[in-house]
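Everything below concerns the one structure shown next.
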Amino acid sequence: EPPALPSPPPPAPPQPPDMPPQPFYPELADDASKGNIELLWGIKADTSSTLLAYINPYFKYNAFLVNPRFDPSDPLAQEYLAKMCHELSQIPLVHKIKDGKCVMEEFSKYLRTRLIRFPVPQGDFYNLFADYLAFSNANVMREGLVGFAKNNKCVMRYTGIAIRAEFKKSMGAWELLDTYDKWLRLQTKLGLLAPSSMGTPILVSDQFVSMATQVEAILSTALSIWIACVLVVLVVVLCTGSLQMACIILLNLLCIVAFVVGLISYNEMEFGGVEAIALTVLIGMSCDYCLHLSDTILTGRSKSRSKRVEVAISHLGPTIISAAGTSLLASVPTAAFCTILILSNFGLIMCFSICSGVLFGIFFFCPMCILFGPRYAGRTWAETLTLSVAGSPLHFLSTISFLGFLGGSLLGPVRVIMFENVFVTAGLGFACVFSPIVVGVFVPPVGAFKEKCVRLKY
């Protein structure tokens, strides 16, 4: 009997679909000291407020604005999102893409296990994505990287990528502001490269929120201090009638603020709301000493500036020191013995303010009055004001520029232009604010003004 023929070999298993090669990701250890950033597509951030605008959709599912053109089921959108994971990991701003936190890349890996080619057709996307969420226990949803419509769980509203950035969490606000500008440029670039179904992503970062809050607090405090200085200068002009004195007092106030801020930094005090309030109060307290001294100097009888200053110090010096001493005695217990940090810091800043106001008032403001004070003084308030404003054509121009710059700095639209042209504003402000001093020192009054006023020598 002939031998049985061997059975034919089993058919070869079907070949898997042609899969594109997986991108290579370098193995980097996570560094928790570095900042966290999420890039989210499908959400539009509101940037109309003065604060830098950020949004955290994980906590605000019902508050964000959606992009109506966002459609991640588009194959171009799927490919774009998966490609972004690899490209972002190569740029210097990124330390690494967090493990398992690139939604579309993880989705493509899941499809590989099922031998399904990525990107999937638009009609199959949501069914396959639902299978992926069930397979992964919806980890990306719990992380806030995927969100669906409130009334239709089959429509994705946003998705994104979680990134470990290169900047440190401990980085200061002003230093971090430069890093934020770089991320903004990257954000704009990603929006230009994205298909129409994706749109521009938004940046979500707790570190950027903290930075924006600190920057806004500092800028708001600086604006409050400047507005207080401007109002003080206007009060000085109304009380004394001398623009020169107002300019010298403004310079004195700015020096006091800089000195106190330096002391706050030296003592490593955190800048908060209490410190901002204390610095604003500082303006009013420091102005009192200079205002009394300037009024006594302008109404003196001597024709020598130094003699008038000497008389003002001998007459008001004990009074000023006594008034400062009583205020200081009231602040020292708060600074030294209060166990609540906020109140202790407030008392300490008040001590700084009182001491610096007296020291600068006597040892800085008075010498400045001798060197750069009025060369001509009226016998009455009206004569002094008229002399300062219209003593000559240059007096009038300096008055207009001085009051115009101060008034313009109080208007919001003008301040925006000033912030956009910082160096021009700085030069223009220096020329306008201190022009009354230069004119008062070098330009004598003309005509009848010269006959009515008293010429003050050194």
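The values are calculated or read from the model by the stated rules, or taken from the named source; none is laboratory data. Because the structure is predicted, anything quoted here is derived from the model rather than measured. Every residue, glycine as well, gets a Cβ built from its backbone with ideal geometry; the counts of neighbours run over all protein chains shown. The accessibility values were calculated without ligands, DNA or RNA, using every heavy atom of the protein model including side chains. Shrake-Rupley method; radii C 1.70, N 1.55, O 1.52, S 1.80 Å.
Here are some notes:
- Residue under evaluation Phe208, criteria (1) part of a helix (DSSP H, G or I); (2) open to solvent by less than 20 Å² (accessible area, probe 1.4 Å); (3) more than 30 Å from Glu270 (Cα to Cα), criterion not met: (3)
- Residues considered: Val424, Val414, Val438. Of these, the only one that is assigned to a helix (DSSP H, G or I) and in contact with a helix residue (DSSP H, G or I) (Cβ under 7 Å, 6 or more places away or on another chain) is Val414.
- Within region 230-278, the set of residues being more than 24 Å from Gly408 (Cβ to Cβ) and hydroxyl-bearing (Ser, Thr, Tyr) comprises Ser265, Tyr266.
Residues checked against (1) touching a strand residue (DSSP E or B) at 6+ places or on another chain (Cβ under 8 Å); (2) in contact (Cβ under 8 Å) with a residue 60 or more places away in the chain; (3) at positive phi:
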{"position": "Ser89", "(1), (2), (3)": "yes, yes, no"}
{"position": "Arg112", "(1), (2), (3)": "no, yes, no"}
{"position": "Arg117", "(1), (2), (3)": "no, yes, no"}
{"position": "Val120", "(1), (2), (3)": "no, no, no"}
{"position": "Arg142", "(1), (2), (3)": "no, no, no"}
{"position": "Cys154", "(1), (2), (3)": "yes, no, no"}
{"position": "Lys169", "(1), (2), (3)": "yes, yes, no"}
{"position": "Thr179", "(1), (2), (3)": "yes, yes, no"}
{"position": "Trp183", "(1), (2), (3)": "yes, yes, no"}
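- Flag for Asp206 being under 21 Å from the mean Cα position of the chain (by Cα) and modelled with pLDDT of 85 or more: no
- Some residue of region 286-300 being in contact with a Leu (Cβ under 7 Å, 6 or more places away or on another chain), over 26 Å from Tyr376 (Cβ atoms) and open to solvent by less than 20 Å² (accessible area, probe 1.4 Å): yes
- Counted as qualifying within region 303-377 are the helices (runs of 4 or more DSSP H) with 2 or more residues that are of a type in the set (S, T, N, Q), namely 305-337, 341-360.
- Hey, Ile370 touching a Lys or Arg at 6+ places or on another chain (Cβ under 8 Å) and more than 30 Å from Ile277 (Cβ to Cβ) or not: yes
Rundown of residues vs (1) surrounded by 19 or more Cβ atoms within 10 Å (Cβ to Cβ); (2) touching a residue at least 24 places away in the same chain (Cβ under 8 Å); (3) closer than 25 Å to Val311 by Cβ; (4) under 27 Å from the mean Cα position of the chain (by Cα), yes/no style:
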residue	(1), (2), (3), (4)
Val358	yes, yes, yes, no
Phe363	no, no, yes, no
Cys369	yes, yes, yes, no
Gly373	yes, yes, yes, no
Ala377	yes, yes, yes, no
Phe430	no, no, no, yes
Val439	yes, yes, no, no
Val443	no, yes, no, no
Cys453	yes, yes, yes, no
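- Boolean, Leu176 is surrounded by fewer than 19 Cβ atoms within 10 Å (Cβ to Cβ), of a type in the set (A, V, I, L, M) and under 28 Å from the mean Cα position of the chain (by Cα): no
- Residue list for region 394-414, restricted to those being without any contact (Cβ under 8 Å) to a residue 40 or more places away in the chain and under 17 Å from Ala222 (Cβ atoms): Phe405, Gly408, Leu411, Gly412, Val414
- Selected residue [of a type in the set (Phe, Trp, Tyr) and in contact with a helix residue (DSSP H, G or I) (Cβ under 6 Å, 6 or more places away or on another chain)] from Tyr80, Tyr126, Tyr132: Tyr132
- Residue that is assigned to a helix (DSSP H, G or I), modelled with pLDDT under 85 and not basic (Lys, Arg), where the choices are Leu186, Leu219, Leu190, Leu253: Leu219
Rundown of residues vs (1) of a type in the set (D, E, K, R); (2) closer than 30 Å to Pro374 by Cα; (3) without any contact (Cβ under 8 Å) to a residue 12 or more places away in the chain, yes/no style:
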site: Ser265; (1), (2), (3): no, no, yes
site: Ala276; (1), (2), (3): no, no, no
site: Leu279; (1), (2), (3): no, yes, no
site: Cys290; (1), (2), (3): no, yes, no
site: Arg301; (1), (2), (3): yes, yes, yes
site: Pro318; (1), (2), (3): no, yes, yes
site: Ile340; (1), (2), (3): no, no, yes
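- Among (1) part of a helix (DSSP H, G or I); (2) crowded, with 18+ Cβ neighbours inside 10 Å; (3) under 22 Å from the mean Cα position of the chain (by Cα), the one test that Ala246 misses: (3)
- Residue identified as in contact with a helix residue (DSSP H, G or I) (Cβ under 8 Å, 6 or more places away or on another chain) and under 21 Å from Asp74 (Cβ atoms) among Thr200, Thr221: Thr200
- Candidates Ser353, Ser304, Ser344 - the one that is over 18 Å from Ser286 (Cα atoms) and either touching a Phe, Trp or Tyr at 6+ places or on another chain (Cβ under 8 Å) or open to solvent by less than 20 Å² (accessible area, probe 1.4 Å) (or both): Ser304
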